[in-house]
Amino acid sequence: MVRRIAERFYDIMERAPEAARVRALHADDLSAVRERLFEFLSGWLGGPPLYFQRPDHKCIMSAHRPFAIGPAERDAWMTCMRRALEECGVPEEIRTLLDPAFLRMAEAFRNR
C-alpha cells in the first residue's frame, strides 16, 4: 500500500495542473524520488526505516532546503498527497489521522 501511495502521489503530481509549480522543482525523471518517497513513508508510517538505511540518505529537511517552497508549493504537495491517499483506498478515518501530520511535514519544508 505504501508503494502504491508513493507512486500515485507522483502520478498525480505529473498530471495535475495545480501541482505544476511543485512538479517543476523535480528532475524530469521521477524514478529515484518515487523510490525515496516510498522508503521515507515506510519508516515514517511505522514500517522498516528504509530511507534511513540508505548509505546516501540525507536529512529530509536538508534535502528540501535548496528548493523555493512557499505556501503554494506546500498546498500543491498536500493536494497530491490527499488525492493519492484517497485514490489508493486509504479509509477516511486513517486519512483524517494522517492529514495533520502530513500538513505539519509540508509546512516544515517551507522556506519562503
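Every read-out reported here was derived from the displayed coordinates using simple, explicitly stated rules and does not represent laboratory data. Just so it is clear, the model here is predicted, and its values are computed rather than measured. For neighbour counting, all protein chains shown are included, and Cβ atoms are generated from backbone atoms with ideal geometry for every residue, glycine included.
Grab the other residues whose beta carbon is less than 15 angstrom from that of ILE69, score K and R as +1, D and E as -1, and report the net.
+4
What's the ranking of 63-74, 78-89 by average number of surrounding C-beta atoms within 10 Å, highest first?
With the highest mean Cβ count within 10 Å placed first, the list reads 78-89, 63-74.
For the chain, with the dipole built from +1 on Lys and Arg beta-carbon atoms and -1 on Asp and Glu ones, taken about the Cα centre, which of PRO91, ALA101, MET13 lies farthest toward the positive end?
ALA101
For the stretch 54-85, list residues with backbone N below 13 Å from a point placed 7 Å from the Cα of ARG110 toward its Cβ?
69-78, by backbone N distance to the label point.
I need the shape label for the stretch 2-108. Rule: rounded when a/c is under 1.5, else prolate if a/b > b/c, else oblate, with a, b, c from the alpha carbon gyration tensor.
Taking the square roots of the gyration eigenvalues as a ≥ b ≥ c, the stretch 2-108 is rounded.
Please compute the modelled spin-label separation between ALA101 and MET61, points set 7 Å along Cα→Cβ, answer in nm with one decimal.
1.9
Scan around ILE69 for amide H atoms under 5 Å from its own, H built in the peptide plane at 1.01 Å from N, and keep only partners 5 or more places away or cross-chain.
Excluding prolines and chain starts, which carry no amide H, the hits are ASN111, ARG112.
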